[in-house]
Amino acid sequence: MSRRDFLAHACTLACACMLPAGVPALAAPAGDRGRASTLQPPDYAQVRLLDGRMLDQYRHQLALFMGMDEDRLLKPFRARAGLPAPGADMGGWYDDSADFHIDPDDWSTANWHGYIPGHSFGQYLSGLARMHAATGDVAIARKVGALVRLYLPTIGSRFFDDYNLPAYTYSKLVGGLVDAYRYAGVAEAPAALGRLTDAVLPYLPEKALTREERRQRPYEREAQIWDEPYILPENLFKAWKLGLGERYRALAVRFLQDEALFDPLARGISPFQGKHAYSHVNALGSAIEAYEATGEDKYLQAAVNGFAFLQQQSYATGGWGPNEELLAPDDTRGLADSLQATRRSFETPCGAYAHFKITRALAAITGDSRYGDSMERVLYNTILGARPTTPEGDTFYYSDYSQRARKGFRGEAWPCCSGTFVQLVADYGISAWLLGDDAVHVNLYVPSRLAFSLRGGDIVLEQRTAYPLSHSSRIRVASGGGAFPLMLRIPAWSGRGTRVLVNGTAVAVDPPAGRFLRVERPWRQGDEIEVRFDMPLRLEPLDAHHPEWVAAMTGPLVLFPVEAGEGALQRGALLAAARTGPEEWTLHGTDGPVRLKPFMSIGEETYRLYSRVDD
């Protein structure tokens, strides 16, 4: 669905009168403190991805990091601790190097080598630990355990001496150690976390400083202004919830950025203008954890409203944050200008990871299916089209939405997106389904197998589909059975021809779009549910101020013109585009045929997201 539809149909909070016009937020649930909904993502072990692009990315990331040499990964930690540091350098951002240099007045001279030594180690630990939880593969657990044990003797305050982003890297390390303990059973992880916390505390500010506040204090390098203490609470709350110590809860509360971020968001006022895009959307995860830990409604309201503001400034792909900055809610030029001014349109693995986290959490808390709509838009139009990370650390970073765009890498090895990429694919399975006390919600129509227990019985559902390149998805009761509701997400874009069939018999025709459809019966092994989507071509404008710039869409897919000229197209010609291949459409323009492809099908061709139309 369009961002306008999402916002227009959203229910307003009691405070929503303070939101700018057109930005009502989805309703926060009333009721008990803490998590108000009984929905939860499944455990990692309950879901298996089946053949498809998501599984391909999963296998690639798993093989990449399982094959990584431990000495390479530990080298910056050992070097900064003054210990022998054998092995080859990783390269890029990851190394302990004095080469890093930026001149804010001349970015063309920047050298990013050694920017944040070891910064993504915790994310690699986290991704592997989650993959062990999903697969049960003991080799993965051994790898995670070995890395933690090798890391433990390097921990000390020397690591953070003259370090550009201590809070940023500490947060990633907390997440990795928490996941190593929770998902891979690494007994040494709590001790490592305690020692790490002791080491970093002298280098952390007294609160979650904004960049503006940090700039008012002494600093030696511009990069020191970029630290992100406001992302700390999410993983610190997780450490506390695992029983690893009360001090982690105290630290989490200390670094909640209430005054500058969560308080205004809770009141329906956007503080996003000019803020770093990924880290502030990532910070909404801290709001979710704070809501669950404290029961304070303002944190849920902040997350809900923050996401509504994000929807208002998103491209048709679901991506956001041109040049890694968020826009003001009344900005009428930002997205349009970005099509000409930058190739850094959406920080893809990082942004998709944050987007999945917040939509997964809000879908579970609110029970609103439209968060799943937003998640699938980002899935199919951004991250599934990312180039694979190479063993040398070349990592897909930005999706380019300029008028003659190409796919590429950032140009430095092992940037931040190398860490979020492996975490994101590790979470693909738990993003596909939501479980309630007595119901199963289909959040994503992706090839996957879900195992769960209901009233003492074990049930397996298996979903096989080529959606959205095909118009249908089939869900089969592979084993077990019982009476329970199956809740099918009917996307808000669904046309009137959408149908739901059980064992070949229609049970719903033109079901209400933008909500979950309840299909309930005594299910038996072999029963099959098929959802046939009506996915007519439609045009989505860039925003209300630029109706002449449109993206062609079918279902959740954006169709990108490839190797196309920059001339205007006829609206009718776009809407008359015909499918001419498994992953290709063609329209007849005034200068000849124009091919269109989904982002995940684009290789070396030039492409564009938006076309100017003449009516």
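The values are calculated or read from the model by the stated rules, or taken from the named source; none is laboratory data. In this text the structure is predicted, and so the values were computed from the model without any measurement. FYI the Cβ positions are ideal-geometry reconstructions off the backbone, even for glycines, and counts take in every protein chain you see. Keep in mind that these areas ignore ligands, DNA and RNA; they rest on the heavy atoms of the full protein, side chains included. Shrake-Rupley method; radii C 1.70, N 1.55, O 1.52, S 1.80 Å.
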Calculate the spin-label point distance for E604 paired with A573, positioning each point 7 Å from the Cα along the beta-carbon direction, and give it in nanometres.
-> 2.7 nm
Sequence-separation-based contact order of segment 218-299, relative, with Cα cut under 8 Å and 6+ spacing, percent = 34 percent
PRE reach from D614 (point 7 Å along Cα→Cβ): which of segment 545-580 fall under 12 Å by backbone N?
-> 567-571
Magnitude of the charge dipole, segment 168-239, Cβ model with Lys/Arg +1 and Asp/Glu -1, debye to 20 = 40 debye
Using a Förster distance of 41 Å, the FRET efficiency for A110-D263 (Cβ separation, nearest 0.05) = 0.70
Looking at the square roots a ≥ b ≥ c of the eigenvalues of the Cα gyration tensor of segment 189-303, which shape do they give, rounded for a/c under 1.5, prolate if a/b is larger than b/c, or oblate?
-> oblate
Taking a probe of 1.4 Å and leaving out DNA, RNA and ligands, segment 480-573 shows per residue an accessible area in Å² of 40 Å²
What is segment 312-445 by shape, rounded, prolate or oblate, if you read a ≥ b ≥ c off the alpha carbon gyration tensor as root eigenvalues and call it rounded for a/c under 1.5, prolate for a/b larger than b/c, and oblate otherwise?
-> oblate
So, with points 7 Å from each Cα along the Cβ direction, the S157-N503 label distance in nm works out to 7.1 nm
Between V507, I358, P205, whose Cα lies farthest towards the positive end of the dipole of the chain when Lys and Arg beta carbons carry +1 and Asp and Glu beta carbons carry -1, centred on the Cα centre?
-> V507
Relative contact order, percent, the chain [alpha-carbon distance under 8 Å, six or more residues apart] = 14 percent
Measuring with a 1.4 Å probe in the full set of protein chains, what accessible area per residue, in whole Å², belongs to segment 262-344?
-> 28 Å²
Please give the calculated 222 nm ellipticity per residue for the chain, where each DSSP H segment of at least 4 residues contributes -39500 (n - 2.57) and the sum is spread over every residue; nearest 500 deg cm²/dmol?
-> -10500 deg cm²/dmol
Accessible surface of the chain [probe 1.4 Å, protein heavy atoms]: carbon and sulfur percent = 48 percent
Which longest uninterrupted range of the chain lacks any trypsin sites (Lys or Arg not before Pro) assigned by DSSP to a loop state (not H, G, I, E or B) and surrounded by at most 11 other Cβ atoms within 10 Å?
-> 34-332
Classify segment 58-177: rounded, prolate or oblate, from the alpha-carbon gyration tensor (a ≥ b ≥ c, eigenvalue square roots; a/c under 1.5 rounded; otherwise prolate if a/b is larger than b/c)?
-> prolate
Can you give the charge dipole size of the chain about its Cα centre, rounded to the nearest 20 debye, using +1 on the beta carbon of Lys and Arg and -1 on the beta carbon of Asp and Glu?
-> 1500 debye
